[in-house]
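Working notes for the structure below.
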Amino acid sequence: MQLLNTLYVTTPESYLHLDNDTLRVEVERETRLRVPLHHLGGVVCMGNVMLSTPLMHRLADDGIGLVLLDGNGRFKARLEGPVSGNVLLRRAQHTQSADADFALRFARSCVAGKIRNARQVLLRGARDARNEEESARIARAAEDLAAALRSVPGTGDADILRGVEGEAARQYFAALNLLVREDARPVFQMDGRSRRPPRDRMNALLSFLYSMLMNDCRSAVEAAGLDPQVGFLHVLRPGRAALALDLMEEFRPFADRLALTLINRGQIAGDDFVERAGGAVLLEGDARKAVVVAWQERKQEELTHPLLAQAIPLGVVPLVQARLMARTVRGEMDTYLPFLVR
């Protein structure tokens, strides 16, 4: 399974156009990058980026997804060619989404995967902590997540399940502050999760990473032939890719770990952010490029998938999981099995 690259264009006033079988990026009439189209799996444009009509036609013809995000990393639109999803699979998905029991079982798996992987982030942080008191506090938070994980199978409806997930997320993000190196905490302290807009630097960094993760998960769901709009954990809402969000849950801790790595290694600093009117905090300039590069590099790292019993790049794992979702929807698997990090 080939891991194709996603091209992220973050430089304002960039102009993308077609040059034979190559995508060319120009800034102020100067060529900055050339990428052969057969190397691309997707193109993501952030902010004020211009594209030629011939390029958009070619991307649609070649099945290369084009995603437009605003300057904050929020999804705006997606261009794709003719839908190639399996109509029988999508019909089964729509039918199963109306089955409350099936939807609850599926949603439980998504939440369990998210909590389990988040707990692993805390356990690793507790082991690496230099301060015994802080290590104990992180370990207690991990135990709280373990208790939440044990309660997931007994949740009787979707609203209760979402309540368990929300409380687990609150405990997790409270402990995440302790995983930031001590001298960086005043700058990257977060008071819970905030978005639309993010209110502090850590939330701004997480939101930026989550926007890239969301794009990868939506692409994976569509590649499996599923309808990204029809999910089981997330409520149906016009314009919301609910199934992609379902898939994204188990992978959020991977983005969290990368955020911590970038901060603790000093690759991202406080002056890489700007505060706008109204309190919004945004990642700016070259720091965006650094995060994009780090994310693409992280996707190349290999992990062992327990069902495949072989090492595959992290960037391929959402594609595998989307196919497991499809098998569950078809009834070939009793329940969806999320990817669990060791």
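If only one of 136, 141, 118, 146 is part of a helix (DSSP H, G or I) and open to solvent by 30 Å² or more (accessible area, probe 1.4 Å), which one is it? I'd like the intermediate steps shown before the answer.
Numbers: 141 fails: open to solvent by 30 Å² or more (accessible area, probe 1.4 Å); 118 fails: open to solvent by 30 Å² or more (accessible area, probe 1.4 Å); 146 fails: open to solvent by 30 Å² or more (accessible area, probe 1.4 Å).
Checking each option against the conditions leaves just 136.
Six or more apart or on different chains, Cβ under 8 Å: which pairs go from a residue in the range 252-271 that's over 22 Å from residue 314 (Cα atoms) to one that's of a type in the set (Lys, Arg)? Could you list them?
270/201
Before we move on, is residue 332 among the charged types (D, E, K, R), over 25 Å from residue 172 (Cβ atoms) and not in a helix (DSSP H, G or I)?
yes
Among the residues of the range 166-194, how many are open to solvent by less than 50 Å² (accessible area, probe 1.4 Å) and without any contact (Cβ under 8 Å) to a residue 60 or more places away in the chain?
The number of residues fulfilling the criteria is 13.
Given (1) within 19 Å of residue 22 (Cβ to Cβ); (2) surrounded by fewer than 17 Cβ atoms within 10 Å (Cβ to Cβ), where does residue 65 come up short, assuming only one miss?
Evaluating residue 65 over (1) within 19 Å of residue 22 (Cβ to Cβ); (2) surrounded by fewer than 17 Cβ atoms within 10 Å (Cβ to Cβ) leaves (2) as the failure.
Has the range 274-295 got any residue that is touching a residue at least 12 places away in the same chain (Cβ under 8 Å), open to solvent by 10 Å² or more (accessible area, probe 1.4 Å) and more than 21 Å from residue 208 (Cβ to Cβ)?
No: zero hits.
What is the number of the single condition among (1) outside any strand (DSSP E or B); (2) surrounded by 15 or more Cβ atoms within 10 Å (Cβ to Cβ); (3) in contact with a Gly (Cβ under 9 Å, 6 or more places away or on another chain); (4) at pLDDT 80 or above that residue 42 does not meet?
Against the list (1) outside any strand (DSSP E or B); (2) surrounded by 15 or more Cβ atoms within 10 Å (Cβ to Cβ); (3) in contact with a Gly (Cβ under 9 Å, 6 or more places away or on another chain); (4) at pLDDT 80 or above, residue 42 comes up short only on (1).
Inside the range 246-260, can you point out the residues that are assigned to a helix (DSSP H, G or I), open to solvent by less than 10 Å² (accessible area, probe 1.4 Å) and either among the hydrophobic types (A, V, I, L, M, F, W, C) or closer than 17 Å to residue 203 by Cα (or both)?
Those that are assigned to a helix (DSSP H, G or I), open to solvent by less than 10 Å² (accessible area, probe 1.4 Å) and either among the hydrophobic types (A, V, I, L, M, F, W, C) or closer than 17 Å to residue 203 by Cα (or both): 247, 248, 249, 253, 255, 256, 258, 259.
The values are calculated or read from the model by the stated rules, or taken from the named source; none is laboratory data. It should be emphasised that the depicted structure is a prediction, and the values quoted were computed from it without experimental measurement. Note that each Cβ is placed from the backbone with ideal geometry, even for glycine, and that neighbours are counted across all protein chains shown. Areas reflect the complete protein model, heavy atoms only, side chains present, ligands, DNA and RNA absent. Shrake-Rupley method; radii C 1.70, N 1.55, O 1.52, S 1.80 Å.
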